[in-house]
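Data block below; observations after.
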Amino acid sequence: MYCRKCSEVLTEKSPEARAFTRTLIQWLKDAGYKADVVRGIPCYTKGSALIVIINEELNVGASPIHIIRFRSNVVRDLHDPRMIVRTLLRANSSLLLGSFGLEDDRIVYRYDWLTTEVPEELFLVIAGMIAEIVDSTDDYLAELTGGETSLGSP
C-alpha cells in the first residue's frame, strides 16, 4: 500500500520527534483524514492519493527546527517517463506548494516545510492543499502515462 522508496528516506530519530509525528497523525485523523503509521511510515490518504509525512528535527539553538516533508508517489509504473516531462514542468509552474518530478518509473510530488512552530490549523491547511494537489492530478497523470496512482487505480 505504500511506495518502496518511502522507507529509504531519513526518519525521525528522537523520542520527541516520534511523539510529534504521532501528534501530526492525530491532527489529521481528527480533521477526518484516513491517517496512520503503516509499516513505520506515517501517511494519510485522500481519494486515490497517498501522502507520506516525514518529521525531522534540527536542534540548533534553544528551540528545534522542524522539517516536515510531504512525499507522494503520484503515479507508478510509467510506460515512458520521458514523455511526461513537459507536462510536469507546466504543472510545476502553476503550483503554490511543492513540485512534481520523475524518479525511476514514477511521478513523485514533494514539499518540504521548514519551521520553528507548527500550529495545528496551519499544518492542516498545508496537508489539505497537498492532498488536493495530488488527488486532483494523479488520475489525469495515470491516464496520460498508462501508469497507476499510488493506491493502485489505473
Taking a probe of 1.4 Å and leaving out DNA, RNA and ligands, the chain shows per residue an accessible area in Å² of 53
If every Lys and Arg gets +1 and every Asp and Glu gets -1 at its Cβ, then about the Cα centre the chain yields a dipole, in debye to the nearest 20, of 220
Checking 122, 24, 78 against a Gaussian network model of the chain (alpha-carbon springs below 10 Å), the top fluctuating residue turns out to be 122
GluC sites (Glu not before Pro) in region 102-146 lying in a DSSP loop, each with at most 15 other Cβ atoms within 10 Å of its Cβ, come to 117
Residues whose built amide H sits under 5 Å from the amide H of residue 147, excluding neighbours closer than 5 in sequence, are 79
Listed residues 60, 37, 125; largest mean-square fluctuation, Gaussian network over the chain with Cα springs below 10 Å, found at 60
Here FRET efficiency (C-beta to C-beta, residue 37 to residue 80, R₀ 41 Å, nearest 0.05) is 0.75
The answer for the chain, counting only DSSP H helices whose Cα atoms cover 18 angstrom or more along the axis and whose Kyte-Doolittle average is -0.5 or greater, is 120-145
Connecting every pair of Cα atoms under 10 Å apart in the chain and solving the GNM, the largest mean-square fluctuation among 84, 107, 53 falls on 84
Exposed-loop cut sites defined as trypsin sites (Lys or Arg not before Pro) in DSSP loop states with at most 10 other Cβ within 10 angstrom; longest site-free run of the chain spans 40-154
In whole percent, the fraction of accessible protein surface over region 1-151 that belongs to carbon or sulfur atoms, probe radius 1.4 Å, stands at 53
Residue separation between residue 87 and residue 69 times 0.36 nm, minus their alpha-carbon distance, gives in nm 4.1 nm
Normalised Cα Rg of region 111-154, dividing by 2.2 N^0.38 Å with N its residue count, works out at 1.51
The set of residues whose placed amide H lies less than 5 Å from the amide H of residue 103, leaving out same-chain residues fewer than 5 positions away, is 108
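With every protein chain kept in the model, how would you rank 66, 79 by accessible area, 1.4 Å probe, largest at the top?
79, 66
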Quick calc, residue 120 & residue 19: beta-carbon distance into FRET formula, R0 25 Å, rounding 0.05, result 0.95
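The values are calculated or read from the model by the stated rules, or taken from the named source; none is laboratory data. Every value quoted in this text rests on a predicted model; they were computed, and no experiment measured them. Ideal geometry is used to build each Cβ from the backbone, glycine not excepted, and the neighbour counts take in all protein chains shown. Note: accessible area is taken over every heavy atom of the protein model, side chains too, but ligands, DNA and RNA are not part of it. Shrake-Rupley method; radii C 1.70, N 1.55, O 1.52, S 1.80 Å.
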